[in-house]
Amino acid sequence: MKNSEIVQMTTAELKEKVVAEKAALNKLVMNHAVTPLENPMQIRATRKTIARLLTELRKRELTEKK
């Protein structure tokens with residue numbers, strides 16, 4: 001997911017997406033522990049997506065306080 005897509009999302013959508021991505025990350029990690037994933041870089045990509053989403057949420061939170 002690109003930053004331009006994240007910026008266009010509403011705050012509610014961002015929060016929902018964070019929850020969904022965290023669930024997906026947990027599922028990927030568990031599956032990888034049992035049997036190795038075909039592409040283990042998916043775990044890294046999911047973590048980075050979560051970080052991008054949380055960064056945008058924090059940025060919006062700080063701009064609301066000003």
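The values are calculated or read from the model by the stated rules, or taken from the named source; none is laboratory data. Model, not experiment: these values are computed from the prediction. Here the Cβ is made from the backbone with ideal geometry for all residues, glycine too, and neighbour counts use every protein chain on show. The area values use the complete protein model at the heavy-atom level, side chains included, leaving out ligands, DNA and RNA. Shrake-Rupley method; radii C 1.70, N 1.55, O 1.52, S 1.80 Å.
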query = For the chain, with only Lys/Arg (+1) and Asp/Glu (-1) charged at the beta-carbon, what is the dipole magnitude about the Cα centre, in debye rounded to 20?
reply = 280 debye
query = Counting only protein heavy atoms and using a 1.4 Å probe, what share of the accessible area of the chain belongs to carbon plus sulfur, as a whole percent?
reply = 56 percent
inquiry  = Counting only pairs 8 or more residues apart or on different chains, how many lysine pairs in the chain have their Cα atoms under 20 Å apart?
reply    = 16
ask   = How large, in Å, is the chain by the Kirkwood hydrodynamic radius built from its alpha-carbon pairs?
value = 12.8 Å
key: Helix 11-34 vs. the chain, principal-axis angle (Cα, 0 to 90°, nearest 10)   = 20 degrees
key: Degrees between helix 41-65 axis and first principal axis of the chain (Cα, 0 to 90, nearest 10)   = 20 degrees
